[in-house]
Amino acid sequence: MKRFQGIYWRQFGLTAGMVLLTLLLLGTSFFTLTYTYMMTEKRDELQEKAELMAELTATYSPAYSQVFGSENQGMRIIAQVAASLSDIDFLIWDIPTNTLLTTDAALEGMEITLPGQITRAVQEGRTYSGMSRLNVYPSSKYVVAVPVRTTGLLGQEEISGMVMAITEAQSLTEMWRAFLGIFAMTSITVILIAFVASSVSAMQQTKPIKEMVQVTRRFAEGNFDARVQPLNRNDELSELAEAFNAMAQSLQQTERQRSEFVANISHELKTPMTTITGYAEGILDGTIPKEKEEQYLRIISDESRRLSRLVRRMLDVSRIQSLDTAREKRPFDICESMRRVLISMEKKITDRQLDVDADIPDESVVVLGDNDLITQVIYNLLENATKFATPGSTLYLGLSVHGEKAIVTVRNVGATISPEEIPKLFERFHKADASRSQDKDGVGLGLYIVKTILDQHREQIRVTSEDGVTTFAFTMTLAADVSAAERK
């Protein structure tokens, strides 16, 4: 039973069930309406002819009983002519004398006892219509009985007889059965077409889903190269396939980055650890002379501090990636944050013999974000610019406002970064080749942290480097509706 519980069979069963239910309801309504209509039409036709025959019968009054006498054949001839023209048999019944005139030769000379419901309806002056065997026919026939109204000896109207119009019930249902046959053939054709269309539609819907399941299993096995075949149609499944492939691409990129991260961290950790281990063993086994031990111990200390910085930076990255910046966003004065960074960087800037061009507005510029993280972004960019600036050059830190964005710009003069190198600046553990000799203490995570923080804030950063002038500029969203009290 499990094989019939998938999406394909549910979709197929739902569509087929809806088609069958629709046809059932339409068929029931159609059959009921057509049968009722045909019965009503036939009843009106029989009643009209029976009433006409009743009027003709009443014209033989006051000698009504003569209608049935052998000496009066006029009424019999009229009834037979009417019966032959309309394919209807007439029974004319005289209530007082209990005599009968009929156009049905099979009933000639027979004693007939009419059903009580017919005689009671006629005696009450009502018209009777319905199916009846009249106690003489082997099968039911459709009967309409109307009273014959005559004028008595005292001038009052009285019911002296009845006229019954009789027809075969089969004639009523022949056309209805023909309609039934046509409807049945149409229904079967529609059901077959609906089943085929439902099967094809369900298969087209489940095929890409099954393919996604197979690709997902290949992902679980570590194969991130698998993709779902694009669907050449404009619907939700096509969008799902595109989103699935985009997710697969993202997973593949994440896996590649993870592998690169493991390789990079292994390399970054291996270098200081190898240095520390080698020099420590050299001191212990006497390979390094006593007079040089202090020199190598200083190298071991420097490498230990570099290793510690690397671990701290990695912890910073992990902490930043786990933060929910959407909840941490608060209004703050970014000008004040820039001033604090400049003060904290004063010694490094002085050591590099750099001049500072600070273009920071005197008035507050309030933005939305995490103050500590954005301060770290400014610090990392300014530290990076200081590290690679040409000694004696000018370092620029400025802020401008454009529309709903504040733009922070950090600029230095130094070596030009090639266009091919710029996209790699924000990768983990990346160091530009031209800077390796100058950046002995770096671990290659500063700009990666910058990009991570700005991505979490949904802000942009742009880098340009031409003729030795390198510029980093990032955006921040203004908090335009913040009150003066909140700014303080």
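The values are calculated or read from the model by the stated rules, or taken from the named source; none is laboratory data. Quick caveat: nothing in here was measured; it's all calculated off a predicted structure. A quick note on method: Cβ atoms are made from the backbone with ideal geometry, for glycine too, and the neighbour counts reach across all protein chains shown. Areas reflect the complete protein model, heavy atoms only, side chains present, ligands, DNA and RNA absent. Shrake-Rupley method; radii C 1.70, N 1.55, O 1.52, S 1.80 Å.
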Filter the cross-link list K270/K290; K270/K424; K210/K451; K348/K424 down to pairs whose alpha-carbon distance in this structure exceeds 31 Å.
K210/K451
Within segment 328-404, DSSP-loop chymotrypsin sites (Phe, Trp or Tyr not before Pro) with at most 11 other C-beta atoms within 10 Å are none
Binning at 5 Å from 0, report for segment 323-384 what percent of all alpha-carbon pair distances ends up in each bin.
4, 16, 25, 22, 16, 9, 5, 2, 0
T40 versus E158: modelled label distance in nm, points set 7 Å from Cα along the beta carbon direction
3.8
What accessible area per residue, rounded to a whole number of Å², is obtained for segment 357-398 using a probe radius of 1.4 Å?
37
Using a Förster distance of 35 Å, the FRET efficiency for I188-S238 (Cβ separation, nearest 0.05)
0.50
How big is the convex hull of the Cα atoms of segment 183-307, per residue, in Å³?
128
What is the gain in length, in nm to one decimal, between S84 and V469 on full extension, counting 0.36 nm per residue of separation less the C-alpha to C-alpha distance?
127.0 nm
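Rounded, prolate or oblate: pick one for segment 208-250, where a ≥ b ≥ c are the square roots of the eigenvalues of its C-alpha gyration tensor, a/c under 1.5 means rounded, and failing that, prolate if a/b is larger than b/c, else oblate.
Here segment 208-250 falls in the prolate category.
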